[in-house]
Amino acid sequence: MNHGRTIEILVGAFMAAGFVALFFLSMKVSNLSASGTGSGYEIEARFDNIGSLKVRAPVTMAGVRIGRVSAINFDAQTFEAVVILRIESGYEDAIPDDTFAKIFTAGLLGEQYVGLDAGGSQNFLKEGDKISLTQSALVLEEIIGQFLFSKAEEGAARE
Amino acid sequence: MTAPVKALMDQLARLGRSGVGVLEHLGRAHLLLLSILGGLGDLVRRPRLLLIQLFSVGVLSALIVAVSGTFVGMVLGLQGYYILSQFGAEQTLGVMVAASLVRELGPVVAALLFAGRAGSALTAEIGLMKATEQLSGLEMMAVDPIKRILTPRFAAGIISMPLLAAMFSALGVMGGYFVGVGLLGVDDGAFWSQMQAKIDTYDDVLNGVIKSLVFGLVCTWIALFQGYDADPTSVGVSRATTRTVVHSSLAVLGLDFILTALMFGE
Amino acid sequence: MGTEKNLVTIKGLHYSRGDKVIFDGVDIEIPRGGITAIMGPSGTGKTTLLKLIGGQLRPAAGTIHVDGEDVHRLSSSELYKLRIKMGMLFQTGALLTDISVFDNVAYPLREHTNLPESMIRKLVLLKLEAVGLRGVWKQMPNQLSGGMARRVALARAIALDPMMIMYDEPFTGQDPISMGVLIELIRALNDASGLTSVIVSHDVEETASIADLVYVIANGRVVECGGSKEILGSSNAWTRQFMRGLADGPVPFHQDAPPLVEDLLGGGQ
């Protein structure tokens, strides 16, 4: 085999190996197929307090990830957080309009995510619709504050 | 003028001179970059030149990058396991290994290896071509040495770098998998699923690729400029080669900080 | 254009490198078809002169016309066109070390012509034959001796049949045989193809033996100019010292320096 051809083959192998590595990184290490941003539809949920929810946090239903948080805004009129949820394509007509949206924390110190509890309605949410039933994030300081307050009340009642 | 004032003026003048020198140096480097970019159109008509440079810049750097990537991944797997298992979080080993590789270590370490392996070779080659009048010779043959010699090397560097970084990261993840799952008994499913859930294709993988493109450009540019600007003597070429490795490494680390702040900062 | 008696006309050339003045008003005329030698001791900027003619350097003042065109007024594409008509033989040969002898000689042909590969092959072999090295076409430049490399470089320089070849110190570091070969070659090429040859050299005897016209430069100026016999028999003190290789004369044995005693007692300050 001549020298020029060897170089061609080696360069070809090098490029192929590089692209295989890139493919591996996007398909196996991260999840390209599941993180498409352009597809699906968006719904809106309003919360009094979102805790430390971040853009791109998962949106799950029955523990299955069906989308991501695509934007978080603040509504100065109602003093609420407006969270836009992008639901991936394939989950059309899967979210009843009386669905309950909660902000959960994964594990004790984990990331926060949006969990959807399906309701019983036969009408489903479409692009741009709003979830009206929401529950805010649990903020650790508030829970501790409430706990201390109730303890103090107990103590006062006992005296 | 009294003597102390004169001494002060001398110092100021020296400072000014070195400042002007640095600016002049940077100016020459940018002019060279422009001329190199100007040759890209020509390169399309001579793909053969690019092929040969992809071989000497890319293929010849692949082995060291692959081996280093595997070992770095294995070390990450080991160290990560010891720390994470203290919190009972060894399930997230995959995330830790992949995130550090894809975001930082892949692009940065591959670029440092590239500067040492390919960058120094480029500088020495160009510097010696200058010292042995090969570049002048081309000019007198009415051939532009920048277009014919520098541009293909430049393009090859920019193309190779992201591929090398991707190989580094991918093999690193495999190395981490081998140590974590194969030797230390982390759950196979958890390793991959946690990783897939936390590593994002656009935020992490794509940003890593962008970083390595920038590093490839800067490392190759520095290497070519140092070679082209080298004193045409043996001492000059050896100094230029050293400068290539030092400047490229510093540039990669400094730029990495800036790029990270831009990409991952909120 | 292109019919003047002189191929190269240099007028009032000034050039300096840093603070050092290399040329301080040099006028040189190089006639067509002959061998013109430019001689002077090392460090007088002879190579610089060739680079100025080739347009690789810019003079501070003065003009250089080659074949009727002002070299330093040309756009870079025009300059490249002009360079196709000039060949230059570098002191080291300047062969590209990563390709074979054959590819080196073929390089300018492949760059500047669209000849088919079979034609290029014939031309390359002919050019190599002209310098007597057809047998080494397969070898790499680093396998050649210095003299052979210079002859291959010569084959490359004449590949495009230029109108002029500039030789930069062609005789330096050659053994007597390859020196003889080169002298023979330069003369033969010049006469056979109507080339104009410019030789810069400090090898007095060899250069004088083939040059039709000799310029002697020193201290940034032309000291003398004439046929090689006239120059060899010149009464100019400077020319005499250079041509005969006398240790002392207008060029002192000692370079300018502070008095020796001062240097020795001053502890090298």
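A Gaussian network model of chain C, with springs between Cα atoms under 10 Å, assigns the largest mean-square fluctuation among C:Ile210, C:Ile177, C:Ile231 to C:Ile177. Specify the residue with the greatest mean-square fluctuation among B:Ile64, B:Ile83, B:Ile199, computed from a Gaussian network of chain B linking alpha-carbon atoms under 10 Å apart. The residue with the greatest mean-square fluctuation here is B:Ile83.
Solvent-accessible surface of chain A, averaged per residue with a 1.4 angstrom probe and all protein chains in place: 59 square angstrom. Within the listed set A:Leu140, A:Leu85, A:Leu148, the residue fluctuating most in the Gaussian network model of chain A (springs between alpha-carbon atoms under 10 angstrom) is A:Leu148. Of the residues B:Val205, C:Leu109, C:Gly33, the one whose Cα sits farthest toward the positive end of the charge dipole of the protein assembly as shown, with +1 on the Cβ of Lys and Arg and -1 on the Cβ of Asp and Glu, is C:Gly33.
Please compute the per residue accessible area over chain C with all protein chains in place, 1.4 Å probe, rounded to a whole number of Å².
Numbers: 12970 Å² over 269 residues.
Accessible area per residue, chain C: 48 Å².
Would you mind getting me the FRET efficiency between A:Val20 and A:Ser121? Use the beta-carbon distance for r and R0 = 60 Å, nearest 0.05. E(calc), rounded to 0.05, equals 0.80.
Think of the range B:123-168 as having a plus end and a minus end, set by charges on the Cβ of Lys, Arg, Asp and Glu; of B:Pro162, B:Thr123, B:Pro145, B:Pro162 sits farthest toward the positive end of this dipole.
In a reduced charge model with +1 at each Lys and Arg Cβ and -1 at each Asp and Glu Cβ, the protein assembly as shown shows a dipole moment near 2160 debye about its Cα centre.
I need the trypsin sites (Lys or Arg not before Pro) found in the range C:86-184, filtered to DSSP loop residues with at most 11 other beta carbons within 10 Å of theirs. Present the calculation step by step, with values, prior to reporting the outcome.
On the way: sites: C:Arg110, C:Arg121, C:Lys122, C:Lys127, C:Arg134, C:Lys138, C:Arg150, C:Arg151, C:Arg156; in loops: C:Lys138.
In loop regions of the range C:86-184 (DSSP not H, G, I, E or B), the sparsely surrounded trypsin sites (Lys or Arg not before Pro) are C:Lys138.
In this Cβ point-charge picture (+1 for Lys and Arg, -1 for Asp and Glu), the range B:142-215 has a dipole of about 500 debye about its Cα centre. When chain A is described by a simple charge dipole with +1 on each Lys and Arg Cβ and -1 on each Asp and Glu Cβ, the residue from A:Asn73, A:Phe100, A:Thr6 located farthest towards its positive end is A:Thr6.
Enter the accessible area per residue of chain B (Å², integer; probe 1.4 Å; all protein chains in place).
Details: 11790 Å² over 266 residues.
The answer is 44 Å² per residue.
For the range B:147-191, heavy-atom accessible area (probe 1.4 Å) falls by no less than 40 Å² from the chain alone to the full protein assembly at B:Leu163, B:Ala166, B:Met167, B:Ala170. Calculated mean residue ellipticity, 222 nm, chain C: -11000 deg cm²/dmol, from DSSP H runs (n ≥ 4) at -39500 (n - 2.57) each, averaged per residue and rounded to 500. Do you know the relative contact order of chain B, to the nearest whole percent, from alpha carbon pairs under 8 angstrom that are 6+ apart? So the answer I get is 31 percent. Net charge of the neighbourhood of C:Thr48, taken over other residues with C-beta under 12 Å away and scored Lys/Arg +1, Asp/Glu -1, is +4.
Summary value for the range C:97-161: 50 percent relative contact order, contacts being C-alpha pairs under 8 angstrom separated by 6+ residues. In this Cβ point-charge picture (+1 for Lys and Arg, -1 for Asp and Glu), chain B has a dipole of about 860 debye about its Cα centre.
Expressed as a whole percentage, what fraction of the accessible surface of the protein assembly as shown belongs to carbon and sulfur atoms when a 1.4 Å probe is rolled over the protein heavy atoms? With neighbouring chains kept in place, the figure for the protein assembly as shown is 61 percent.
Given in Å, the Rg to one decimal and the Dmax to the nearest whole number for the Cα atoms of the range C:97-161 are 10.7, 32. Taking other residues whose beta carbon is less than 11 angstrom from the beta carbon of A:Ile87, and scoring Lys, Arg as +1 and Asp, Glu as -1, yields -2. Per-residue 3J(HN,Hα) values for the range B:18-35, derived from phi via the Karplus relation 6.51 cos²θ - 1.76 cosθ + 1.60 with θ = phi - 60°, read 5, x, 4, x, 4, 4, 4, 4, 4, x, 4, 4, 5, 4, 4, 4, 4, 5 Hz in sequence order (x marks Gly and Pro).
Contact with the other protein chains removes 30 Å² or more of accessible area, compared with the isolated chain and a 1.4 Å probe, from these residues of the range C:71-117: C:Tyr80, C:Arg83, C:Phe90, C:Thr92, C:Ala94, C:Leu96, C:Tyr107, C:Glu111, C:His112. Per the accessible-area calculation with a 1.4 Å probe, the total area buried between chain C and chain B rounds to 1700 Å².
Which chymotrypsin sites (Phe, Trp or Tyr not before Pro) from the range B:192-260 combine a DSSP loop assignment with at most 12 other Cβ atoms within 10 Å?
Working: sites: B:Trp192, B:Tyr202, B:Phe215, B:Trp221, B:Phe225, B:Tyr228, B:Phe257; in loops: none.
Sites meeting the loop and neighbour criteria: none at all.
Pairing chains B and A buries close to 2500 square angstrom of accessible surface in total, based on protein heavy atoms and a 1.4 angstrom probe. In terms of distances greater than 18 angstrom between alpha carbons, the cross-link table entries C:Lys85/C:Lys127; C:Lys51/C:Lys81; B:Lys130/C:Lys81 yield B:Lys130/C:Lys81. A cut-off under 12 angstrom between Cβ atoms defines the neighbours of A:Asp117, and their net charge, with Lys, Arg +1 and Asp, Glu -1, is 0.
Select from the range B:66-127 those chymotrypsin sites (Phe, Trp or Tyr not before Pro) which occupy a DSSP coil region and have at most 15 other Cβ atoms within 10 Å, ordered by residue number. Can you show the working numbers first?
Values: sites: B:Phe71, B:Tyr81, B:Tyr82, B:Phe87, B:Phe114; in loops: B:Phe87.
Sparse-neighbourhood loop chymotrypsin sites (Phe, Trp or Tyr not before Pro): B:Phe87.
With R₀ fixed at 41 Å, the C-beta to C-beta distance from B:Thr242 to A:Phe79 puts the FRET efficiency at about 0.10. Relative contact order for chain C: 24 percent, from Cα pairs under 8 Å spaced at least 6 residues apart, divided by residue count.
If you sort A:Arg65, C:Arg244, C:Arg73, C:Arg83 by accessible surface, 1.4 Å probe, largest first, the order is C:Arg73, C:Arg244, A:Arg65, C:Arg83. Applying 1/(1 + (r/R0)^6) with r as the Cβ-Cβ distance of C:Lys81 and C:Asp191 and R0 = 22 angstrom yields a FRET efficiency of 0.25.
The values are calculated or read from the model by the stated rules, or taken from the named source; none is laboratory data. All of these numbers come straight from a predicted model, not from anything done at the bench. Every residue, glycine among them, receives a Cβ derived from its backbone with ideal geometry; neighbour counts consider all protein chains shown. Heavy atoms of the whole protein, side chains included, go into the accessibility calculation; ligands, DNA and RNA do not. Shrake-Rupley method; radii C 1.70, N 1.55, O 1.52, S 1.80 Å.
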